[in-house]
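Asks: Quick one: this structure, given as structure tokens, is what I'll be asking you about.
What follows is calculated from the coordinates using simple rules that are stated; it is not laboratory data. Note that this is a predicted model, so its numbers are computed, not measured. No Cβ is skipped: glycine too gets one built from the backbone with ideal geometry, and neighbour counts run over all protein chains shown.
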Amino acid sequence: MKKSRFEESWAKRKAGQALFSSKERLKVSKVYIPRQLLKFMPHSEFIAVLKGIKPVATNITNYYNLNELLSGLEEAKKIYSIEYLVNSGKRILVNSDKNYFKAFSHPTGSRKEQIVFSISRSKELVERANEYYLKRSDRKESPSYCHKFGLLAGYPKCCVDFADHVSGFKGTENEEKGWRFSNIRKISFQNSKKFSRYLNIFSIESLVSHMPCHLNCKPSKKYARKLLSFIEEDNKLYADSIKYFLFETNSLFWDESNKILIDGVKEDNTIEYEEFWPLTLQAEKCYEMDFVPREKLKKTVSLMEKGNKLVMDYFSFSVYKGEKLIGTIKKDSVFEVLLY
Ligand SMILES: [Zn+2]
């Protein structure tokens, strides 16, 4: 049976990623990433630090992963002379849609405790990154440390300012407002006059680890291009799958956890599709859970199965089979769902 393009590209992506954990690659000067580390850090972040296009990369994981994480970090250090630091600080990041930044000391040291870790070429940077990251999670200190962390991590200044702005840290708006009800990806979209596929933040993966201030942001594009060209040189299979998902697919996007990838021909607000792929993930990022669009997504999928064309309007979108209307779904607001 013929495989769909989605299946093919997904398989390429898996195979491409698996290549990174082959130590043989070191012999031909290609990137090897310790298996234990791959689980806790996006491949692209590791490569970006290794190739010197990102000063420091930071991530969190559960405390019970500590030993595995440490063995991965130690191996990377031995091979590449990369610095790392893991901190606990007995803080946990609370998964609440009300307050993303709330962090507190966990009295029992439970399994749910989070640890933060950074990798960099510089010892000083891993220390500062962990410190800023933890302080960023503290409500009282978060505004200034969000900003400091962003700059330290190499995010463009315009995008760091943008994050300040949407989080309500600047101006007189309620500081909780932004993260609570806004989906930062959509604000990025609303800010955009032009769209670069390098900055597609609506697909399966993204070449940038920050939210671009708009989808044609010059320094963000520069970063994304550089990273992709390194990956292309290093691991063509993986690069091909990234290019397929970023450049060739569109998405019907409610939020990071609820979207439908579409393979088709898009013109303005209309897309004629051959296949589509609904993705409903568990909410990993609480600040994007402004509403629960899952029911609408399900309804959309059942309409799309019967049709081959989707037309996006301001307050609704409709599915057609040729010229015949299959059904219409109302939106609660203009930007409830994007066709990108
Ligand atoms: Zn920017």
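Asks: Once you place label points 7 Å from the Cα toward the Cβ at LYS330 and GLN17, how far apart are they in nm?
Replies: 3.9
Asks: Using a 7 Å offset from Cα along Cα-Cβ at ARG5, what residues in the stretch 246-266 end up with backbone N under 18 Å from the label point?
Replies: The answer is 246-253, 260-266.
Asks: Let me ask something else. Using r as the Cβ-Cβ distance of LYS30 and LYS78, and R0 as 25 Å, what FRET efficiency do you calculate, to the nearest 0.05? List each step's numbers first, then the result.
Replies: On the way: r = 17 Å, r/R0 = 0.70.
Calculated transfer efficiency: 0.90.
Asks: If each of ASP268 and LYS321 carries a label point 7 Å out from its Cα toward its Cβ, how far apart are those two points in nm?
Replies: 2.6
Asks: Separate question: Within the stretch 150-168, which residues have the backbone N less than 14 Å from the label spot 7 Å out from ASN65 along Cα→beta-carbon, could you tell me?
Replies: none
Asks: While we're on this one: Along the Cα→Cβ direction, 7 angstrom out, place labels at GLU248 and LYS236. What is the inter-label distance in nm?
Replies: Result: 1.5 nm between the two label points.
Asks: About its Cα centre, how strong a charge dipole does the stretch 250-339 have in debye, to the nearest 20, once Lys and Arg get +1 and Asp and Glu get -1 at the Cβ? Numbers along the way, then the final one.
Replies: On the way: 13 positive and 17 negative charges, 80 e Å.
For the stretch 250-339, the charge dipole is close to 380 debye.
Asks: Just flag the GluC sites (Glu not before Pro) in the stretch 1-69 sitting in loop per DSSP whose Cβ has no more than 16 other Cβ atoms within 10 Å. Before the final figure, lay out the partial values.
Replies: Numbers: sites: GLU7, GLU8, GLU24, GLU45, GLU68; in loops: none.
Answer by residue number: there is no such site.
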